[in-house]
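Enquirer: My questions all concern the structure below.
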Amino acid sequence: MTPVNGWAASASYTMATPRVTKISSAYSGDLKVGDALVRRPTHSGNAALSYSDRNTGSFSVMASYIGKRPDFDFAQFPSPVVTLPSYVKLDVAASRAIFHTDTGKGSVSITGRVDNVLDKRYEDVFHFASPRRTFLLGARLTGSL
């Protein structure tokens with residue numbers, strides 16, 4: 001979306017029917033043509049809102065939704081199909097310009113990001129926990145000083 005006074009928003013939604021379409025003759029598992037693909041949700045989407053000012057910095061917030069999806073429980077043999085639950089994850093990011101050159105051709109900014117702000121417990125792969133709340137801090141040099 002085109003920014004209005006520094007503000008921008010975007011959203012997307014996907015509804016898919018990911019299915020097995022072909023099986024190799026060498027495959028010896030339980031999947032058959034027409035079964036749902038593992039780790040592929042039928043429903044997913046995201047929404048983002050951001051503000052940016054060239055002279056001061058930026059801020060953004062993004063929510064991601066991943067719908068329920070099948071996976072295998074490889075801790076058992078034969079591995080049964082399990083259903084991973086849906087989840088929503090919230091991320092925020094910001095940057096702040098701390099120095100601009102007199103010519104305006106360079107700047108230094110500090111950046112920060114928090115992934116999984118709400119510290120949501122979720123698994124993208126069964127029995128493998130995804131990262132909890134994560135803080136990232138950095139700096140960005142733009143142009144030349």
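Enquirer: Of (1) assigned to a loop (DSSP other than H, G, I, E, B); (2) under 30 Å from Thr111 (Cβ atoms); (3) open to solvent by less than 80 Å² (accessible area, probe 1.4 Å), Leu31 satisfies all except one. Which?
Expert: (2)
Enquirer: Okay, next question. Within region 51-71, can you find the residues that are hydrophobic (A, V, I, L, M, F, W, C) and in contact with an Asp or Glu (Cβ under 9 Å, 6 or more places away or on another chain)?
Expert: Hits for region 51-71 are Val61, Met62, Ala63, Ile66.
Enquirer: Hey, another quick one. Return the total of residues in region 13-39 being basic (Lys, Arg), closer than 18 Å to Ser79 by Cα and modelled with pLDDT of 90 or more.
Expert: Qualifying residue count for the region: 1.
Enquirer: Right, next: Test Thr103 against the criterion of being touching a residue at least 40 places away in the same chain (Cβ under 8 Å), among the β-branched types (Val, Ile, Thr) and open to solvent by 40 Å² or more (accessible area, probe 1.4 Å), and give yes or no.
Expert: no
Enquirer: How about region 120-145: which of its residues are among the aromatic types (Phe, Trp, Tyr) and loosely packed, with under 11 Cβ neighbours inside 10 Å?
Expert: Result: Phe128, Phe135.
Enquirer: With the requirement that a residue be on the phi < 0 side of the Ramachandran plot, part of a loop (DSSP other than H, G, I, E, B) and either touching an Asp or Glu at 6+ places or on another chain (Cβ under 7 Å) or in contact (Cβ under 8 Å) with a residue 60 or more places away in the chain (or both), what does region 1-28 give you?
Expert: Val20 - this is the single residue of region 1-28 that is on the phi < 0 side of the Ramachandran plot, part of a loop (DSSP other than H, G, I, E, B) and either touching an Asp or Glu at 6+ places or on another chain (Cβ under 7 Å) or in contact (Cβ under 8 Å) with a residue 60 or more places away in the chain (or both).
Enquirer: A follow-up question, please. Residue check: is Ile98 over 13 Å from the mean Cα position of the chain (by Cα) and surrounded by fewer than 13 Cβ atoms within 10 Å (Cβ to Cβ)?
Expert: yes
Enquirer: What's the number of the only condition in (1) more than 13 Å from the chain's Cα centre (by Cα); (2) on the phi < 0 side of the Ramachandran plot; (3) open to solvent by less than 30 Å² (accessible area, probe 1.4 Å) that Gly57 fails to meet?
Expert: (2)
Enquirer: For Val117, all conditions in the list (1) assigned to a loop (DSSP other than H, G, I, E, B); (2) open to solvent by 80 Å² or more (accessible area, probe 1.4 Å); (3) touching a residue at least 24 places away in the same chain (Cβ under 8 Å) hold save one; what is the number of the exception?
Expert: (2)
Enquirer: Among the residues of region 40-57, how many are modelled with pLDDT under 95 and in a strand (DSSP E or B)?
Expert: Counting residues in region 40-57 that are modelled with pLDDT under 95 and in a strand (DSSP E or B) gives 3.
Enquirer: I'm trying to understand the selection: among the residues of region 60-81, which are open to solvent by less than 30 Å² (accessible area, probe 1.4 Å) and either under 12 Å from Val125 (Cα atoms) or not in a loop (DSSP other than H, G, I, E, B) (or both)?
Expert: Ser64, Arg69, Pro70, Asp71, Asp73
The values are calculated or read from the model by the stated rules, or taken from the named source; none is laboratory data. Just so it is clear, the model here is predicted, and its values are computed rather than measured. Cβ coordinates were reconstructed from backbone atoms using ideal geometry, including for glycine residues, and neighbour counts include every protein chain displayed. Just the protein is used for accessible areas: all its heavy atoms, side chains included, with ligands, DNA and RNA removed. Shrake-Rupley method; radii C 1.70, N 1.55, O 1.52, S 1.80 Å.
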